[in-house]
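No lab work stands behind these numbers, since they all come straight from the coordinates. Here the structure is a predicted model, which is why all the values come from computation and not from measurement. Quick reminder, even Gly has a Cβ in these numbers, built from the backbone with ideal geometry, and neighbours come from all protein chains shown.
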Amino acid sequence: MQPGQQVRVCQSVVVFHHPQHRGVAFDLQGQQGEVVTVLNDWKGRVISPTLPVIVAFGKFRAHLRADEIEAV
């Protein structure tokens, strides 16, 4: 995954912090967005985050795993 790449959520990912559905379970499956960044280092040190890919769906951003999204 590269920043700027268009992706689609291909697995069921339930979030509770979506701005239009705050506090209620919202499934992101089928939503399309753009990769903002891929977290792999912090201050020059290699890290291994659990949810390394940050995807923007308009103003809403979510941290996802690479296997939960696919390129469009």
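Here are the numbers:
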item	result
Exposure proxy ranking, count of Cβ atoms within 10 Å, fewest first, for Glu34, Glu70	Glu70, Glu34
Whole-Hz couplings from phi, Karplus 6.51/-1.76/1.60, listed for the stretch 14-20; x for Gly and Pro	9, 10, 10, 10, 5, x, 8
For Arg22, Arg61, order by how many other beta-carbon atoms lie within 10 Å, fewest first	Arg22, Arg61
Val13 long-range amide H proximity, modeled H, under 5 Å	Leu28, Gln29
Charge context of Val14, other residues only, Cβ under 13 angstrom, K/R +1, D/E -1	-2
Read-out Rg/Rh (Cα atoms, Kirkwood Rh), derived from the coordinates shown; its label in (i) 0.92; (ii) 1.06; (iii) 0.98	(iii)
